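Heads up: the structure comes next, in structure tokens.
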Amino acid sequence: MKILATFDGTKFSESIMPRLEQIAHLPNAEFTLLSVAHEPDAKLRRRGRPRPIVVSDAMGRGSVVLNQIDATYAEDKTQAIERRISETEDYLSELAHRLPEGTSCHIEAHVSDNAAQEIIDRAREEQVDVIVMATHSRGPLAQVLFGSTTEQVVRSGVAPVLLVHPTA
């Protein structure tokens with residue numbers, strides 16, 4: 001039985017872990033722990049010492065000193081994506097260690113702006129038997145306004161979806 005379990009890095013999404021621990025005792029249970037992170041933006045990092053800039057009027061009077069700090073990018077987008085994937089893989093590895101010993105499990109970290117489509121694509125490609133996800137159980141109006149990754153995955157029909165609603 002192939003199980004695709006999805007996580008978004010929050011405690012809320014980790015509420016599915018007790019169910020996964022139960023499922024792990026089924027014969028031939030194989031887990032894929034999947035997380036889809038949003039594409040990161042490049043970040044500016046302030047480097048160097050402030051450089052004073054003296055500004056004065058045309059007559060040389062009324063000088064003002066401004067401090068300018070050189071701004072450089074700490075990493076480019078490719079590096080930011082690689083960092084995000086690495087951090088997500090570390091997170092998923094920690095979750096995998098919470099499953100019972102001997103559980104067949106592999107992890108997948110992806111970066112995409114469309115988490116639902118990535119989950120659907122992975123489920124289709126892996127031909128999973130069930131997808132396990134946490135759900136907020138928002139009302140219909142909230143789903144229309146905000147959208148729902150869970151709702152999109154359920155409506156795709158790619159595989160049965162076990163929805164876990166945390167009680168706390």
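Quick note: the coordinates plus some simple rules give every number you see, no bench work behind them. In this text the structure is predicted, and so the values were computed from the model without any measurement. Cβ atoms come from the backbone with ideal geometry, glycine included; neighbour counts cover every protein chain shown.
Between amide H atoms placed 1.01 Å from N, distances below 5 Å from ALA37 occur with HIS110, VAL111, SER112, all of them 5 or more places distant or on a separate chain.
Packing, taken as the mean count of other beta carbons within 10 Å per residue, orders the peptides 87-94, 1-8 from highest to lowest as 1-8, 87-94.
Under the simplified labelling scheme, the GLU101-ARG124 pair shows an inter-label distance of 4.1 nm, with each label point 7 Å from Cα along Cα→Cβ.
The P(r) of region 78-141 has a tail past 16 Å containing 63 percent of all C-alpha pairs. For GLU21 and SER112, the difference between the fully extended length at 0.36 nm per residue and the C-alpha to C-alpha distance is 30.0 nm.
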